[in-house]
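The values are calculated or read from the model by the stated rules, or taken from the named source; none is laboratory data. Since this is a predicted model, take the numbers as computed values, not measurements. Here Cβ is always computed from backbone atoms with ideal geometry, including for glycine, and neighbour counts include all displayed protein chains. When the accessible area is computed, the model is the full protein with side chains, heavy atoms only, and any ligands, DNA or RNA have been set aside. Shrake-Rupley method; radii C 1.70, N 1.55, O 1.52, S 1.80 Å.
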Amino acid sequence: MKKTMTFISVMLSLFILFSTVFYVRAQRPYRQAKQEAIEVAQAHTNLKHVDKFYWYNREEDYFSLLGRSEKGEKMYVIIPKSGEKIQLLDPEKGLSEYEALKLVEDEFKPHKLLKATIGLHRDIPTWEVVTQNKDKSLNYYLINFEDGQLQTVLENV
């Protein structure tokens, strides 16, 4: 009995160890992209504090940050994967993440809201809201950041 318990303990410990290593390695690209986006934003803007990181990948990849300047002014910084043509957005002049999620929730009544990310779609600042249906299929709603108009709907993907 003691050998069985020892074996189970060792196997459980190995499972936890390998799961942790796998998880840490899986997160590496995300953490690296976030760190690089922060470095680029701080080098080219007056961003001092980062509150949120978004990875938008519709037709192109964008790394976006919600943060604040030294003076506490809120801003979105949208950085193309190439690192060129950084855009700054004033959060007061468009929809917040919460408002984009709420708009989709109220209009489409999804089974589950998964996430919202901000980036550029055809050079227009856009929120991409992703939802999940009961059958686990996904829906993508692209919403104009500035006026809240629905740009594109991709359902049952």
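Key figures for this structure:
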{"item": "Options 71, 85, 109, 81: the member that is modelled with pLDDT under 95 and assigned by the TED database to the domain that holds residue 126", "result": "109"}
{"item": "Hits in the range 110-138 (condition: closer than 16 Å to residue 53 by Cβ, of a type outside the set (A, V, I, L, M) and open to solvent by less than 30 Å² (accessible area, probe 1.4 Å))", "result": "117, 119, 127, 128"}
{"item": "Any hit, the range 42-52, residues being at positive phi and surrounded by fewer than 19 Cβ atoms within 10 Å (Cβ to Cβ)", "result": "no"}
{"item": "Qualifying position, being of a type in the set (D, E, K, R) and under 16 Å from residue 76 (Cβ atoms), among 105, 146", "result": "146"}
{"item": "Residue within the range 49-61 that is in the same structural domain as residue 34 (by the TED database), assigned to a loop (DSSP other than H, G, I, E, B), closer than 24 Å to residue 31 by Cα and of a type outside the set (Asp, Glu) present", "result": "yes"}
{"item": "Complete set of residues in the range 76-102 that are assigned to a helix (DSSP H, G or I), open to solvent by 50 Å² or more (accessible area, probe 1.4 Å) and under 14 Å from residue 147 (Cα atoms)", "result": "92, 93, 99"}
